[in-house]
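Structure first, commentary second.
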Amino acid sequence: MIVENLPVPFDRRVWAEAQSLHRAGYEVAVICPRGPFAQAAYESIDGIEVYRHPLPIEARGKLGYVAEYSSALWWEFAYSLKVFLGRGFDVIHACNPPDLIFLIGAFYKYLFGKKFVFDHHDLNPELFEAKFGHRGRVWKVLVFLERMTFRVADISIATNRSYADVAIQRGRMKPDRVFVVRSGPNLARVRELAHDNKWRNGRSHLVAYVGVIGEQEGIDLLLEAVRHITSACRRTDIQFVIMGSGPSLEQLKQTCARMQLSEFVTFTGRIDDTTLFTILSTADVCVNPDRPNAMNDMSTMNKIMEYMALGKPIVQFDLAEGRVSALSASLYARNTDTTDFGDKILELIDDPCRRRDMGMYGSKRVREELSWEHEEPKLMAAYDAVFDRAAPAPVAIRNPTSRQAR
């Protein structure tokens, strides 16, 4: 398995997949970058070999992404050779971004007969447009790289039906080679812990966010909602905790200070699981301020699933896949309307019975439908198809203009 976005075991989807494959009898090696709390170049975790390569920069700007992805691709290929010449492998399981790992997959597929699985985590053309606000030649290159990735892939794994439609329509893959495996939370990992009221900073209520701190995650919109709550509504009884790291973290800290919100907002940076789940367990409301755009509209966010698993009511903007995941576990603010976002946070803060009912609904939905235990058999079916051990059921093509729950 090759992933460039996050180190394992902190990439929760990749780690869940690796553990599931290992339990099913596969020998698994993961190649990923180094990062906070994951600096060892090699370690074996629960029988899974983890190779971590240097990542000299965290990209900002187009040239930064070229440098980051080129460096990562070189190290990924070098480590893949190490595994290949050592114990060997049968399958390369590539997790994007970027859509460059097909180059490594093609090398082993066409020269040595190995299989190539594309695990589609992000829509890179839409991600580029979300980050830079336009299309142009780079966007066309990304569409080409995506198409080549699908062409090389023996099967594609999609995180939801929207991504499956992209694989079939834009990637021209046969429906019986596309498998939907959602990023369901692993309930053995996502657990409620004892509350720690120090995170409330002496206030009555706590609102929490966890995720990457980047441009498209909309933390600036969340800060505008906080200003509405504290200034326009004159509410000083709510503390906000923003958990995670990313290229925009320092900039957003400065923005928060300029907006005179620092006393109400705590930025934790990247934290360990115990701290993460302690804060989420303590929170009264959890938020997802992802900026409305094509990328976020079609993507399933891990944070939503984890909020629901812990029985937390959610406020988010009205994005298609966000609504598909949360349904009645969330309130949906008008897109980019930070006043409405703030008002909906206050609606929940001031209505503990509603918070309880929404949280119970979300927790039940995760346990009965969305947790990783429901997705693991789908991953196994995808690997059966890789080795032609079963005849998979085809993925139906959805009307690309439909926004109905799937």
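For segment 221-308, the fraction of alpha-carbon pairs lying more than 16 Å apart is 60 percent, rounded to a whole number.
Scanning residues 5 or more positions from Ile2 or on other chains, those with amide H under 5 Å from its amide H are Ile31, His93, Ala94, Cys95, with H placed 1.01 Å from N in the peptide plane. Phi angles of segment 190-207 translate, via the Karplus equation with coefficients 6.51, -1.76, 1.60 and θ = phi - 60°, into HN-Hα couplings of 7, 9, 6, 10, 4, 5, 10, 6, 4, 6, 7, 6, x, 9, 7, 10, 10, 10 Hz per residue; Gly and Pro are given as x.
Here the relative contact order of the chain, from alpha carbon pairs under 8 Å that lie six or more residues apart, stands at 14 percent.
For each pair in Lys253/Lys312; Lys115/Lys174; Lys312/Lys344, compute the distance between the two Cα atoms and list the pairs where it is over 21 Å.
Details: Lys253/Lys312 26 Å; Lys115/Lys174 17 Å; Lys312/Lys344 14 Å.
In this structure, Lys253/Lys312 lie more than 21 Å apart at Cα.
Please report the spacing between the Cα centers of segment 25-40 and segment 154-179 in Å, no decimals. Taking the Cα centre of segment 154-179 as reference, the centre of segment 25-40 is 26 Å away.
Distance from the Cα centroid of segment 339-361 to that of segment 62-85 is 45 Å (rounded to whole angstrom).
Rounded to the nearest 10 degrees, the angle from helix 338-349 to the longest Cα principal axis of the chain is 70 degrees. For the residues Glu376, Glu215, a 1.4 Å probe over the protein chains yields an accessible-area ranking, largest first, of Glu215, Glu376. Helical content of the chain, expressed as a calculated mean residue ellipticity at 222 nm, amounts to -13000 deg cm²/dmol (DSSP H runs of 4 or more residues, -39,500 (n - 2.57) each, divided by residue number, nearest 500).
The values are calculated or read from the model by the stated rules, or taken from the named source; none is laboratory data. All of these numbers come straight from a predicted model, not from anything done at the bench. Ligands, DNA and RNA are excluded from the accessible area calculation, which covers all protein heavy atoms including side chains. Shrake-Rupley method; radii C 1.70, N 1.55, O 1.52, S 1.80 Å.
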